[in-house]
Each structure stands twice: as C-alpha cells, then as structure tokens.
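Here's the structure we're looking at; comments come further down.
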Amino acid sequence: MESKNAIAALAALAQTTRLETFRLLVKSEPEGIPAGELARIMDVPQNTMSAHLATMSRAGIVKSERRSRSIIYRADLEGLRALTLFLLKDCCGGNAKLCAPLIADLTPCCTPEGAATCVN
C-alpha cells in the first residue's frame, strides 16, 4: 500500500458515521448490509449514507455488490489488511520482539477457532 492510499483510508474513517458504519460492516461479514438498511440503522438520510459509502469505497475499505434492486455493502477486508500491514510494516523499528504483543492481540480474531475470544 502506498502512503496516499493509507491517507485516504484513514481520512475516510476519521468521521464518526463512517467509522461506525465501517465497524458495523466488519461485524456483518460476510453477508453485508443493503445501503438503505445501513441508513436506517445509523439513523442518517439515505443520500448522506450514500455519500459516506462512496467515500469509503473510493478509499478502498468498502465494496458493493448489486443484488436485484439492492446494493449490498461489505467491508473490504483485503483493504483493511493492507492498511493494517502498512501501519505495522516498520513496527518498533523492525524489532519483531517488541511488536509481538501487538501482533498476538490481533491474531486470535484471524482464525475461526479464535473468533470466540475476540473482544470488541
């Protein structure tokens, strides 16, 4: 990931409604949520939600799929992974031992067996 892409993703998440929407989409994986339902859940007008979703989509952290008359939105987990790896790439000056606790805290949620131990 390039710096400009990371900045776009972080900027997209630097707004309360978009951050909470993204977190909701991550929780709803892999099913996703229709755009209208997202607007209802987040209690924002549909046109406002559309603008937020477009911002997150351009930033590479949300993707959409048309299903019949609905557009289903999902978190782009590959985009999130790329952003996380970008942020951790030079973690602790390359001293893996110092980064181990951070990585250990992230790892349990990455496997189906560890998903039950995740804390939100």
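Couple of notes before you dig in:
- Qualifying residue in the range 27-41 (condition: outside any helix (DSSP H, G or I), crowded, with 17+ Cβ neighbours inside 10 Å and on the phi > 0 side of the Ramachandran plot): yes
- Selection from the range 65-83 of residues that are surrounded by fewer than 18 Cβ atoms within 10 Å (Cβ to Cβ) and of a type in the set (Ser, Thr, Tyr): SER68, SER70
- Taken together, GLY32, GLY36 contain a single residue that is among the small types (Gly, Ala, Ser) and in contact with an Asp or Glu (Cβ under 8 Å, 6 or more places away or on another chain), which is GLY32.
None of the figures in this text is laboratory data; all of them are computed from the coordinates on show. Model, not experiment: these values are computed from the prediction. Here the Cβ is made from the backbone with ideal geometry for all residues, glycine too, and neighbour counts use every protein chain on show.
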